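The values are calculated or read from the model by the stated rules, or taken from the named source; none is laboratory data. None of the values given here were measured: they were computed from a predicted structure. Virtual Cβ from ideal backbone geometry, glycine too; neighbours counted across all protein chains shown.
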Amino acid sequence: MATVFIIHGVEGHPEENWFPWLKAELEKRGNKVIVPQFPTPEGQTLENWLATLKTYEADLGSDTILVGHSLGGAFALNVLEHYPARAAFLVACVFGPVFEAFDEGMKTFAQRDFNWPAILANCPHFEIFHSDNDPYIKLEVAEKLSRHLNTPVTLVPGAGHFNASSGFTKFDLLLEKLERLT
């Protein structure tokens, strides 16, 4: 059993995409699943998101698994600078500038120098999922992130941004990989 945090992205919420499905599937298997609502788009800063996460601090530890979608992936990296975790799953992860309209609201999360030694020391297992047709984040972003984390990118052809508009209300491959660690 593990505690799994599912972290949404920009303008996101706990009831979108594959989050409710994944939460239900993991809970059926005896895991504790937390899907916080972070302030977005108003109040969307790293400082505010960390303050929201602070209310769940008792659930963070070496058995925690972080699942971050889009900006949620960048947030997970920030969390791993300060907290240990068993694993982190980064789905269509924002990293650095993505040259989109959302960049301004993501700067404090993703456009900074990360403490890679701390992140790697705090988390022994990473998985990166990316698509060959993500309309927001280029594959090169995931490849650069994979070099920092010393882990390959799992390429999911035709998955878009892994959101409901791309047909992702379930994410079987992610569940399969999570099951190996829970």
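For segment 30-50, a tally of residues being modelled with pLDDT of 95 or more and either loosely packed, with under 12 Cβ neighbours inside 10 Å or among the acidic types (Asp, Glu) (or both) returns 3.
Can you name the residue in segment 123-139 that is at pLDDT 95 or above and out of contact with any strand residue (DSSP E or B) (no Cβ under 9 Å at 6 or more places or on another chain) and, of all such residues, is farthest from Ser62 (Cα to Cα)? My answer is Asn133.
The residue pairs whose first member lies in segment 43-70 and is in a strand (DSSP E or B), whose second member is of a type in the set (D, E, K, R), and whose beta carbons are closer than 6 Å, counting only pairs six or more residues apart or on different chains, are Ile65/Arg86. Checked against the criterion of being touching a Ser or Thr at 6+ places or on another chain (Cβ under 8 Å), farther than 28 Å from Glu176 by Cβ and part of a helix (DSSP H, G or I), segment 111-127 contains not a single residue that satisfies it. Each residue in segment 158-182 was checked for being more than 20 Å from Ala85 (Cβ to Cβ) and part of a loop (DSSP other than H, G, I, E, B), and 10 pass. Just one of the listed residues (Ala110, Ala85) is within 14 Å of the chain's Cα centre (by Cα), of a type outside the set (Lys, Arg), at pLDDT 95 or above and buried (at least 22 other Cβ atoms within 10 Å of the Cβ), namely Ala85.
For segment 137-157, the condition holds for at least one residue, the condition being that it is assigned to a loop (DSSP other than H, G, I, E, B), among the hydrophobic types (A, V, I, L, M, F, W, C) and under 20 Å from Trp18 (Cα atoms). Among the residues of segment 79-87, are any closer than 25 Å to Thr154 by Cα, part of a helix (DSSP H, G or I) and without any contact (Cβ under 8 Å) to a residue 60 or more places away in the chain? Within segment 79-87 (the criterion being closer than 25 Å to Thr154 by Cα, part of a helix (DSSP H, G or I) and without any contact (Cβ under 8 Å) to a residue 60 or more places away in the chain), the answer is yes, since at least one residue qualifies.
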